[in-house]
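*Asks:* One structure coming up, written as structure tokens, with questions to follow.
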């Protein structure tokens with residue numbers, strides 16, 4: 001796929017910079033012929049009893065820290081991306097001058113001193129290795145003094161309400177630095193309605209990293225270096241999918257992160273099945289990919305020039321999704337992380353089942 005095929009124009013006014021008052025008030029564009037326009041609660045009527053709905057239970061951590069370089073007033077922003085051990089992390093950093101090995105940043109943490117020291121320069125993904133020295137556990141430090149790592153396109157600082165709303169109601173496993181945004185539309189009432197209908201809700205964990213926002217900068221998407229994200233598919237989810245296949249029920253993914261986790265855990269030679277897995281994935285999905293596990297997809301509207309948009313093109317068909325995006329823009333849908341959702345009832349290309 002060529003990068004220019006991932007371009008589209010979005011009016012600035014359609015970027016959802018804040019969430020709606022109620023999660024389940026989000027609109028839902030259903031990619032049918034013609035497209036249907038509902039709210040997210042309408043999803044319950046579209047899923048049959050026995051459907052397996054797979055959600056991502058990762059929890060966003062307050063991974064953004066602010067401070068200054070020791071010995072100067074130079075302001076530094078540090079985004080912790082992945083924990084390596086109790087004191088070491090991979091991180092991104094913004095500063096007026098380049099950070100070198102040995103650079104030390106004093107973090108704004110009230111009366112609790114915290115020092116971040118660069119121990120290794122940027123790797124191929126632009127990540128530094130840093131050591132954190134603090135008087136309190138890192139999870140407490142982040143919860144008390146960290147900031148919600150909102151996507152840059154929101155163009156604002158995090159607010160108190162983001163602590164709750166940039167988090168799914170089923171978030172359980174800390175580790176993400178971006179929310180699995182398709183799940184932000186689900187509240188406890190909608191989940192209860194789905195379960196009462198006989199929909200089985202199961203989980204995977206994929207810790208969303210900042211690479212999800214990295215635009216495709218190469219002409220051919222095949223040359224794009226895909227970011228790594230850690231994921232886990234538990235035994236209970238693998239078993240639920242196996243049972244669904246036996247009875248002929250569908251597997252519905254809530255978000256592109258779930259798609260990547262399930263397709264990465266696909267068991268070759270076993271149509272439609274996954275195996276319990278804990279690993280990293282760099283899976284790049286673009287048009288031409290044959291989906292082996294996922295039957296239908298709930299997803300948000302994604303950035304142009306993004307691998308997420310390429311995945312949705314692959315799942316729903318490029319022309320079909322482009323038409324749906326055009327209709328969403330015409331009807332003033334809200335876009336991106338705090339925006340509305342779409343439901344693609346079936347994928348275009350499927351591998352052997």
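*Asks:* Of everything in the range 91-131, what is buried (at least 20 other Cβ atoms within 10 Å of the Cβ) and either in contact (Cβ under 8 Å) with a residue 60 or more places away in the chain or assigned to a strand (DSSP E or B) (or both)? Give them in sequence order. Step through it out loud before you land on a result.
*Replies:* The first filter runs over the range 91-131 and keeps only residues buried (at least 20 other Cβ atoms within 10 Å of the Cβ), leaving 91-93, 99, 103, 105, 107, 109, 114, 116, 118, 127-128, 130.
Answer for the range 91-131, where residues must be buried (at least 20 other Cβ atoms within 10 Å of the Cβ) and either in contact (Cβ under 8 Å) with a residue 60 or more places away in the chain or assigned to a strand (DSSP E or B) (or both): 91, 92, 93, 105, 107, 114, 116, 118, 128, 130.
*Asks:* Which numbered condition trips up residue 20, out of (1) surrounded by 15 or more Cβ atoms within 10 Å (Cβ to Cβ); (2) in the same structural domain as residue 220 (by TED's automatic domain parsing); (3) touching a strand residue (DSSP E or B) at 6+ places or on another chain (Cβ under 9 Å)?
*Replies:* Result: residue 20 passes all but (3).
*Asks:* Looking at (1) crowded, with 18+ Cβ neighbours inside 10 Å; (2) modelled with pLDDT of 95 or more; (3) in contact with a strand residue (DSSP E or B) (Cβ under 8 Å, 6 or more places away or on another chain); (4) more than 30 Å from residue 64 (Cα to Cα), find the lone condition where residue 276 falls short.
*Replies:* (1)
*Asks:* Take the residues in the range 179-200 that are at negative phi and in a loop (DSSP other than H, G, I, E, B); name whichever of them is farthest from the chain's Cα centre (by Cα).
*Replies:* Let us first name the residues in the range 179-200 that are at negative phi, namely 179-197, 199-200.
Restricting the remaining residues to those that are in a loop (DSSP other than H, G, I, E, B) gives 179-180, 186-187, 199.
On the way: 179: 5, 180: 3, 186: 15, 187: 18, 199: 23 Å.
Of everything passing the filter in the range 179-200, 199 is farthest from the chain's Cα centre (by Cα).
*Asks:* Here is a further query. Select from the range 150-171 the residues that are closer than 11 Å to residue 17 by Cβ and within 14 Å of the chain's Cα centre (by Cα) and list them in ascending order.
*Replies:* If the condition is that a residue be closer than 11 Å to residue 17 by Cβ and within 14 Å of the chain's Cα centre (by Cα), then 150, 151 are the ones that fit.
*Asks:* Does the range 156-177 contain any residue that is exposed (fewer than 13 other Cβ atoms within 10 Å of the Cβ), outside any loop (DSSP other than H, G, I, E, B) and at pLDDT 95 or above?
*Replies:* yes
*Asks:* Something else: Can you pull out the residues in the range 9-40 that are part of a loop (DSSP other than H, G, I, E, B), closer than 21 Å to residue 313 by Cα and in contact with a helix residue (DSSP H, G or I) (Cβ under 6 Å, 6 or more places away or on another chain)?
*Replies:* Answer for the range 9-40, where residues must be part of a loop (DSSP other than H, G, I, E, B), closer than 21 Å to residue 313 by Cα and in contact with a helix residue (DSSP H, G or I) (Cβ under 6 Å, 6 or more places away or on another chain): 31, 35.
*Asks:* Filter the range 201-212 down to the residues that are assigned to a helix (DSSP H, G or I) and buried (at least 24 other Cβ atoms within 10 Å of the Cβ) and list them by number.
*Replies:* We begin by selecting, within the range 201-212, every residue assigned to a helix (DSSP H, G or I); these are 210-212.
Of everything in the range 201-212, nothing turns out to be assigned to a helix (DSSP H, G or I) and buried (at least 24 other Cβ atoms within 10 Å of the Cβ).
*Asks:* Out of (1) assigned by TED's automatic domain parsing to the domain that holds residue 76; (2) in contact with a strand residue (DSSP E or B) (Cβ under 8 Å, 6 or more places away or on another chain); (3) modelled with pLDDT under 95, what's the single condition that is false for residue 153?
*Replies:* Only one criterion in (1) assigned by TED's automatic domain parsing to the domain that holds residue 76; (2) in contact with a strand residue (DSSP E or B) (Cβ under 8 Å, 6 or more places away or on another chain); (3) modelled with pLDDT under 95 is unmet by residue 153, namely (1).
*Asks:* Right, something else. Tally the residues that are closer than 18 Å to residue 242 by Cα and touching a helix residue (DSSP H, G or I) at 6+ places or on another chain (Cβ under 9 Å), restricting the search to the range 269-294.
*Replies:* Residues meeting the conditions: 12.
*Asks:* Looking at 131, 69, 64, which is the one that is at pLDDT 95 or above, more than 21 Å from the chain's Cα centre (by Cα) and within 19 Å of residue 145 (Cα to Cα)? Steps first, answer last, please.
*Replies:* On the way: 69 fails: at pLDDT 95 or above; 64 fails: more than 21 Å from the chain's Cα centre (by Cα).
Answer to the selection: 131.
*Asks:* Moving to a separate point now. Suppose we filter the range 306-340 for residues that are within 21 Å of residue 150 (Cα to Cα) and either in contact with a strand residue (DSSP E or B) (Cβ under 6 Å, 6 or more places away or on another chain) or buried (at least 19 other Cβ atoms within 10 Å of the Cβ) (or both); how many remain? Before you say what the answer is, go through the steps one by one.
*Replies:* Start the filter on the range 306-340 by keeping residues that are within 21 Å of residue 150 (Cα to Cα), which leaves 306-309, 333-340.
Narrowing the set further to residues that are either in contact with a strand residue (DSSP E or B) (Cβ under 6 Å, 6 or more places away or on another chain) or buried (at least 19 other Cβ atoms within 10 Å of the Cβ) (or both) leaves 307-309, 333-340.
Qualifying residue count, the range 306-340: 11.
The values are calculated or read from the model by the stated rules, or taken from the named source; none is laboratory data. The structure presented is a predicted model; accordingly, all values stated were derived computationally and were not measured. Heads up, the Cβs are rebuilt from the backbone with ideal geometry, glycines too, and the neighbour counts pull from every protein chain shown.
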